[in-house]
Amino acid sequence: MLDRLAGFVVRKRLAVLVVGLLLAVVGGVASTTLFDKLTAGGFDDPKSESSRAITALDDRFGQGLPNLTLLVTSKGGVDDPSVTAAGTELTRKLGREPGVANVSSYWTTGKAPQLRGKSGHKALIMGTVTGDDTASQKRVAALADRYEGSRDGLEVKFGGYTKFQRELLEQGQKDATTGETVAIPITLVALVFIFGSAVAAALPLAVALVAMMLTMGLTWILASVTTVGSLAASVVTLLGLGLAIDYSLLMVSRYREELRSGLTPPDAIRATLTSAGRTVTFSALTVAVSSLAMAWFPLQAVRSMGYAGALTALLSGASSLIVLPALLALLGDRIEKGRVFRRRRPATAATGPDATGPEAAGRSVESGFWHRLATTVMRRPVPIVTIVTAFLLLLGAPFLGINLGMPDERVMPASSSARQVADTVRAEFDSSEQNALQVVAPEGGGDRAAVGAYAQRLSELPHVAAVRTATGAYAEGRQAAPPDQRYARFASGDAVYFSVVPESASPDDADDADRLVGEIRSTKAPFETLVGGAAATNHDAAAALEKWLPYALGTVLLTMLVLLFLVTGSVMLPFLALVLSALSLTATFGALVWVFQDGHLAGLFGDFTPTGNIAATIPVMLFGLAFGLAMDYQVFLLSRMREEYELTGSPTAAVAQGLERTGRIVTAAAVAISVVFLAFTVSGISLVKAYGVGLPLAVLMDATLIRGAVLPAAMRLGGRATWWAPAALRRLHDRYGLREEPAAPAPRRDGDRALTG
């Protein structure tokens with residue numbers, strides 16, 4: 001198939017490039033409106049009890065959860081008569097806005113103390129922006145433009161969850177542009193050093209840009225038919241740039257190798273596609289499968305990153321297999337133009353059609369750095385495996401102290417309006433009321449005695465300050481206030497709901513809030529209840545991640561075993577590769593906790609606030625991307641080792657020669673993709689910064705310690721058993737397996753004369 005593809009691309013190179021360019025332009029144009037279709041939400045399980053509670057609250061009572069907070073500041077004090085009049089008018093005016101409901105404030109609630117700051121100069125206006133995530137985010141942006149700032153002696157600042165979502169979306173768009181601006185020029189410089197030729201260095205970037213624009217276009221289509229989270233754009237931008245460069249680097253390197261061996265450009269393209277092209281195909285499938293495994297999770301933010309990762313991997317691979325060969329066919333041997341460094345030509349250079357890799361550069365395989373390293377490692381496999389494994393486990397030790405939470409406004413930079421409002425509320429207000437849990441009983445609320453008894457039981461729970469419902473207010477197992485007009489909103493026909501106010505709303509008390517959700521759900525009720533609210537949403541999201549994690553892991557592991565068997569033809573090597581790829585992630589997860597939870601070296605990565613916990617979505621999403629990338633390099637290496645094993649029949653020679661033939665280019669690819677991923681750290685969102693730290697660590701650990709030390713040592717210990725497979729599986733591999741064998745040079749067609757003459 002790849003040989004036929006090579007022939008088609010060589011013959012139709014101009015048509016392929018024109019079509020590819022047109023599709024990329026269409027995708028690029030569509031991407032200009034992509035962020036209008038993305039949403040910053042998706043950190044909840046839409047089928048969970050908490051989501052059903054929110055739906056019931058809206059359907060039966062016409063009340064959504066408060067998602068809009070206005071922080072109002074006055075130098076004269078919020079109790080000044082003129083300030084009271086201005087605050088009351090502002091509240092009423094906001095309440096008359098379309099798409100805004102349940103607006104109340106310090107001044108319209110009888111000066112409720114929880115809505116007044118400790119200094120007496122700040123007060124809150126609370127409300128609900130109705131509609132889905134996309135509509136509510138656009139609405140809050142329009143409201144902020146009209147109301148934020150100075151008005152009638154008041155300083156107004158917008159916050160709340162919907163404002164946070166909007167700013168997360170806007171910051172993501174800004175970060176994607178900044179990341180490209182930082183990554184592309186630095187990567188170009190790195191590629192010039194790697195290839196020594198300006199023309200060769202420009203090819204991976206050209207393919208990467210085409211792949212990114214194509215992926216953005218398909219993401220635009222995907223966002224038109226389903227919900228796609230804003231973080232997907234960062235994945236497309238930076239993962240697309242990194243993977244396309246990775247794959248193009250492998251393809252261009254192999255093409256130049258084939259040219260140096262004496263092949264004509266058309267034949268070199270065929271040899272490249274049928275060897276390195278197969279590796280790229282399997283590698284793209286590897287990353288795509290790891291990413292798609294995230295589709296098991298019901299959280300839309302996680303799913304979106306999975307979809308984006310899979311699309312990015314497949315289109316990066318396709319661009320490298322179609323667009324890049326067309327460019328190579330157009331350039332021919334002019335790929336060496338614009339050399340920055342003079343090519344070394346040792347007197348002992350080997351020549352001929354079989355001179356590839358180190359031989360083509362004028363040195364024997366045995367004299368190379370990676371061959372010497374592999375040989376040294378294989379002389380002392382046990383101590384080297386022990387030392388390196390212990391070192392990686394030590395780097396991963398902080399992960400044992402991980403505290404999982406869910407993202408809030410603190411993931412944003414200090415300049416964020418939603419972040420500033422949230423910080424002020426936590427510091428100066430009794431924010432327990434704003435973080436109350438809603439317990440909804442869609443039926444059975446007509447029995448007021450049962451309602452009161454249940455409210456009383458809820459008020460006896462630890463960490464509960466008060467319970468409010470249709471029958472009044474309750475605290476510490478007693479009725480604290482009789483029913484009056486204030487509590488009428490808690491009942492609607494046969495339905496009733498309860499507002500359970502926690503004792504503390506500090507973000508450091510997340511464990512208490514999570515425990516409270518479980519205690520409320522386990523409290524016996526006389527009717528069916530649904531528990532909702534921010535703490536319940538976080539509880540259910542974490543439970544969903546835990547529930548579906550085995551399915552995601554099982555999908556990744558099973559698929560990887562199959563793909564790696566097709567690469568290696570071995571029963572043992574796929575399991576070894578999985579273990580080593582997982583080992584390479586230990587440093588990633590250790591750094592995740594050490595930096596982003598505990599705050600070490602926080603200043604090195606810009607403006608972010610360590611929160612004492614890690615968003616539960618980060619390890620899941622980081623594993624999906626990082627594991628796929630780690631396996632990506634395993635495919636690069638093992639496919640070449642398999643070729644050497646079939647040529648030599650020696651397991652030790654296969655390891656040493658395979659590592660020597662791939663060492664330089666895989667290291668270069670790891671450096672290039674790490675440079676791209678480090679651009680994540682310029683993001684203003686700490687969620688994205690985590691990828692900028694974690695992904696390069698995973699890639700570099702795998703490309704150095706794992707590939708250079710642990711894998712050769714482990715394969716030396718395994719010996720010939722490393723390559724063993726039952727007869728039936730050997731026959732299967734003979735038919736369908738991947739081999740890094742260049743195709744035999746095909747006769748030159750008339751259409752190829754322009755390339756070779």
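The values are calculated or read from the model by the stated rules, or taken from the named source; none is laboratory data. Here the structure is a predicted model, which is why all the values come from computation and not from measurement. Note that each Cβ is placed from the backbone with ideal geometry, even for glycine, and that neighbours are counted across all protein chains shown.
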> Considering region 665-713 alone, what residues qualify as being assigned to a helix (DSSP H, G or I), hydroxyl-bearing (Ser, Thr, Tyr) and under 14 Å from the mean Cα position of the chain (by Cα)?
Replying inline: THR681, SER686, TYR691
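Condition first: among the charged types (D, E, K, R) and closer than 15 Å to LYS138 by Cβ. Now tell me which residues in region 151-166 satisfy that.
LYS163, ARG166
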> Of (1) part of a helix (DSSP H, G or I); (2) not aliphatic (A, V, I, L, M); (3) not assigned by TED's automatic domain parsing to the domain that holds TRP220, SER150 satisfies all except one. Which?
Replying inline: (1)
> From the set of residues in region 378-407 that are more than 14 Å from MET701 (Cα to Cα) and touching a Ser or Thr at 6+ places or on another chain (Cβ under 8 Å), which is surrounded by the fewest Cβ atoms within 10 Å (Cβ to Cβ)?
Replying inline: MET378
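Conditions tested, residue by residue: (1) outside the structural domain of GLN300 (by TED's automatic domain parsing); (2) under 30 Å from GLY649 (Cβ atoms); (3) touching a residue at least 12 places away in the same chain (Cβ under 8 Å).
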| position | (1), (2), (3) |
| --- | --- |
| LEU583 | no, yes, yes |
| TRP594 | no, no, yes |
| LEU604 | no, no, no |
| MET621 | no, no, yes |
> Are any residues in region 402-418 under 22 Å from the mean Cα position of the chain (by Cα) and in a helix (DSSP H, G or I), and if so, which ones?
Replying inline: GLU409, ARG410, VAL411
> Quick one: is LEU243 buried (at least 22 other Cβ atoms within 10 Å of the Cβ) and of a type in the set (A, V, I, L, M, F, W, C)?
Replying inline: yes
> Being over 16 Å from GLN63 (Cβ atoms) and in contact with a Ser or Thr (Cβ under 6 Å, 6 or more places away or on another chain), is that true of even one residue in region 432-445?
Replying inline: no
>> List the helices (runs of 4 or more DSSP H) inside region 498-597, counting only whole elements, that have at least 2 residues being under 30 Å from GLY64 (Cβ atoms) and out of contact with any Phe, Trp or Tyr (no Cβ under 6 Å at 6 or more places or on another chain).
In response: 510-522, 534-568
>> Checking the conditions here, which among VAL18, VAL26, VAL72 is in contact (Cβ under 8 Å) with a residue 40 or more places away in the chain, assigned by TED's automatic domain parsing to the domain that holds GLN173 and among the aliphatic types (A, V, I, L, M)?
In response: VAL26
>> Could you go through region 210-226 and let me know if any residue there is part of a helix (DSSP H, G or I), among the hydrophobic types (A, V, I, L, M, F, W, C) and without any contact (Cβ under 8 Å) to a residue 24 or more places away in the chain.
In response: yes
> So which of GLU428, GLU443 ends up being in contact (Cβ under 8 Å) with a residue 40 or more places away in the chain, in contact with a Gly (Cβ under 7 Å, 6 or more places away or on another chain) and among the acidic types (Asp, Glu)?
Replying inline: GLU428
>> Contact list please: Cβ distance under 7 Å, first residue in region 647-664 and under 18 Å from PRO381 (Cα atoms), second residue surrounded by fewer than 24 Cβ atoms within 10 Å (Cβ to Cβ) and among the acidic types (Asp, Glu), pairs at least six apart or on different chains.
In response: ALA653/GLU644; ALA654/GLU644; GLN657/GLU644; GLY658/GLU644
> Taking region 156-195, which residues are more than 27 Å from the chain's Cα centre (by Cα) and crowded, with 18+ Cβ neighbours inside 10 Å?
Replying inline: VAL156, LYS157, PHE158, VAL192, ILE194, PHE195
